[in-house]
Amino acid sequence: MKLKINWLMVLMSAIGGAVAFVIGEILMDSFKYTMPHSLLIGLYFGILSLLVGLMCLLAEVIHPRINGQEWRRDYVSLSFKFLIPCTLVVTFAAGTLFQFLYELSFKQSNKIINDVVVLIDTSGSMSKTDPNNERFDAVNNLLNSMNSGNRAAVYKFDDHAAKVKEMSYVTKAVKEDIINKLQEYRNPYGNTNMGEALNMAYDEITRSKESGRNPMVIMLSDGGDNYNLDNKFDKTMKPYNDNEIPVYTVGMSSGDNFYMLKKIAKASGGDYYNVKDVKDIKNTFVKIYRDRQERILNDKRNGIREGSIFYGFLRVFFITLIAVLISSAVSFVLDNKYLLKGFIIGGIVAGIIAGLILEIGFNNVSWHGTMYRFFADLVIAVLFTLFAREAYDEKGSGERKSFSKKRSGEVNLHSFGKDNKNSRHSFS
């Protein structure tokens, strides 16, 4: 069998993938912290499968290059009946299962991060970036999201770093004490000494260390370092790397002078967050705290398993299975067995590429996650359609093989009748 590509199907499947991506991003933004991840990912890929399947079906209805005019005339209504069960239902169930398995800890016990050191920039430039000191409200929101079993410490930094509050269990009294002490730094001044802030944060972690507890650091600034941290970067970050302590950094302005913040986050296994509008800072610390151990199939893998080869393989494997299910679902919707083999091959290729886009992308430049998901969705939606096989058997009979017994019977009966009509018989 030779390839027989319906280019309208390729185009419309791409459109379906793009629309599904937009809907999926809305779901991710709206329900990432309120819906179980298994259900969220099930919906994400279920919708992708539904819209890709629908657009492929419409493409064949408009231009039946693969299934032919007879299918469009007699059997298209049955294909629409297959659409939701074969695409949305099956892929939703698979996505839910795969995300559940992806979140399990197969190799080692979970390392739960329950101590946080917050480093707040109080240098002079903050008077323009954050004139109302809304970053202090962000600290308050973070503390309110933690329970009494968590601990927190707060440091400020400008020309020098200084302790606002030592590592303490998050009680009501501690929250009030931190907020009151932060008011002493409402008038920013000086330059930005990130290196000293990181050193003091690590000293605080070492001094307050308790068995079974694991720390993280959140650093907020509106720009770069003024004290040559680049020259002593490896030495400063070594204890964080040796002890697997992630530093999550927040760039707070519409500028682009965040090279050092990004470098710190990447070197420590943390993540970088950009806040262009100061009003958005209030919930950013809470978002970082919630993200600290997340493991989502189409998002950044956080915490101790961020660089795990094992979970990287699992991501690519599960994404490949989802891509195969989507491509197979389209062949079932079109009710054409000849498409199945080619679409499965295309799904495998698409899934591996999409999985690698997500895995390599998030491991290198994690703050472009939306872009990675867009390209992954587009690859899954389009690539398998380029593997369509011509819907004829090897003998060239022109008979199209169907998954449906009813339809196959009708096709065979039609062929039998046609053969009898064309046959010539002689009687003696």
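Side notes on the structure shown:
- Taking the criterion of being farther than 20 Å from ILE112 by Cβ, open to solvent by less than 50 Å² (accessible area, probe 1.4 Å) and either charged (D, E, K, R) or in a loop (DSSP other than H, G, I, E, B) (or both), the residues of region 167-195 that qualify are LYS175, ASP177, PRO188, GLY190, THR192, ASN193.
- Subset of region 71-90 (residues that are touching a residue at least 40 places away in the same chain (Cβ under 8 Å) and open to solvent by 30 Å² or more (accessible area, probe 1.4 Å)): ASP74, LEU78, PHE82, CYS86, LEU88, VAL89, VAL90
- Selection of region 43-78 for residues being within 35 Å of the chain's Cα centre (by Cα) and of a type in the set (Phe, Trp, Tyr) yields TYR44, PHE45.
- Residue among GLY46, GLY53 that is open to solvent by less than 10 Å² (accessible area, probe 1.4 Å), in contact with a Ser or Thr (Cβ under 8 Å, 6 or more places away or on another chain), within 21 Å of LYS337 (Cβ to Cβ) and touching a residue at least 24 places away in the same chain (Cβ under 8 Å): GLY53
- In a residue-by-residue description of region 350-365, the property of being in contact with a Phe, Trp or Tyr (Cβ under 6 Å, 6 or more places away or on another chain), at pLDDT 95 or above and farther than 20 Å from ALA18 by Cα applies to no position.
- Among residues of region 258-272 that are in a loop (DSSP other than H, G, I, E, B), those with a beta-carbon under 6 Å from a residue that is modelled with pLDDT of 85 or more at least six positions away or on a different chain give the pairs PHE258/GLY251; GLY269/PRO246; GLY270/PRO246; GLY270/VAL247; GLY270/TYR248; ASP271/TYR248; ASP271/ALA265.
- Evaluation of SER125 against the conditions (1) open to solvent by 10 Å² or more (accessible area, probe 1.4 Å); (2) in contact with a Phe, Trp or Tyr (Cβ under 7 Å, 6 or more places away or on another chain) shows that the sole unmet condition is (2).
- Among all positions in region 199-221, there is no residue which is surrounded by 13 or more Cβ atoms within 10 Å (Cβ to Cβ) and farther than 24 Å from ILE113 by Cβ.
- Selection within region 114-166 - assigned to a loop (DSSP other than H, G, I, E, B), farther than 17 Å from MET216 by Cβ and out of contact with any strand residue (DSSP E or B) (no Cβ under 8 Å at 6 or more places or on another chain): GLY124, SER125, PRO131, ASN132, ASN133, ASP159, HIS160
- For region 128-143, the candidate set comprises residues that are in contact (Cβ under 8 Å) with a residue 60 or more places away in the chain and open to solvent by 10 Å² or more (accessible area, probe 1.4 Å); within that set, the residue that is nearest to LYS276 (Cα to Cα) is THR129.
- Filtered by the rule that a residue be open to solvent by 30 Å² or more (accessible area, probe 1.4 Å), hydrophobic (A, V, I, L, M, F, W, C) and either in contact with a Ser or Thr (Cβ under 6 Å, 6 or more places away or on another chain) or within 18 Å of PHE100 (Cβ to Cβ) (or both), region 20-43 gives PHE31, MET35, LEU39, LEU43.
The values are calculated or read from the model by the stated rules, or taken from the named source; none is laboratory data. Given the structure is predicted, the values throughout are model-derived calculations rather than measurements. Neighbour counts run over all protein chains shown; Cβ positions are idealised from the backbone, glycine included. To get the accessible areas, we keep the full protein, side chains included, count just its heavy atoms, and leave off ligands, DNA and RNA. Shrake-Rupley method; radii C 1.70, N 1.55, O 1.52, S 1.80 Å.
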